[in-house]
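Let me begin by presenting the structure, written as structure tokens, before commenting on it.
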Amino acid sequence: MQSLKAQSPLGVFIEHCRKGELAYQVCTDDNTPLFFPRVVVPKTGSTNLEWRVSKGLGTVHSTTVVHAAKDKPPHNVALIDVDEGFRLMSRVEDIDPMQVKIGMRVKVRFNPGDDKQPPFPVFVPVGGAK
């Protein structure tokens, strides 16, 4: 296995997911958190990035319910504001998609993935489904 330093930013993120960690990057020039994984900071072009691990708590910023196919149940797509200061797109599970609300507190858990898809973060309501 490659060292984390030798991997692409996405590879590093996936390795953290495999360990059950929600990793993100921080620009060490100004302590700005970044997500999704990158090689350079978008606004400045700086390469001064370091990896950190989130505590995995956040708040639903926005949500929508997707009705993708008649034979499959609807699911939600949500933007989550993670407490460390970055936002990511995910979904909130263990709750009816229509019950996911803006402002709801959530915590991360990981879908283990499979042969076709690496592990990835999803969220569940803090304190269980409401």
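Some points to look at:
- When PHE36 is tested against (1) hydrophobic (A, V, I, L, M, F, W, C); (2) farther than 17 Å from GLN7 by Cα; (3) at pLDDT below 95, just one condition goes unmet, and that condition is (2).
- Filter result (among the β-branched types (Val, Ile, Thr), assigned to a loop (DSSP other than H, G, I, E, B) and surrounded by fewer than 16 Cβ atoms within 10 Å (Cβ to Cβ)) within the range 76-130: ILE102, VAL126
- Within the range 65-91, the residues that satisfy the criterion of being under 11 Å from the mean Cα position of the chain (by Cα) and of a type outside the set (Gly, Ala, Ser) are LEU79, ILE80, ASP81, VAL82, PHE86, ARG87, LEU88, MET89, ARG91.
- Residues of the range 48-74 classified as assigned to a loop (DSSP other than H, G, I, E, B) and either surrounded by 12 or more Cβ atoms within 10 Å (Cβ to Cβ) or basic (Lys, Arg) (or both), total: 7
- Residue pairs meeting the criteria (Cβ under 7 Å; at least 6 apart or on separate chains; first within 16 Å of MET104 (Cβ to Cβ), in the range 64-79; second of a type in the set (Val, Ile, Thr) and outside any strand (DSSP E or B)): ASN76/VAL100; ALA78/VAL100
- Contact annotation: residue pairs with Cβ atoms under 6 Å, 6 or more positions apart or on different chains, pairing a residue in the range 105-118 that is among the polar types (S, T, N, Q) with a partner that is surrounded by 13 or more Cβ atoms within 10 Å (Cβ to Cβ) and modelled with pLDDT of 95 or more, are ASN111/PHE120; ASN111/VAL122.
The values are calculated or read from the model by the stated rules, or taken from the named source; none is laboratory data. For clarity, every value in this text was computed on a predicted model and none was experimentally measured. Please note: Cβ atoms are built from the backbone with ideal geometry, for glycine as well, and neighbour counts cover all protein chains shown.
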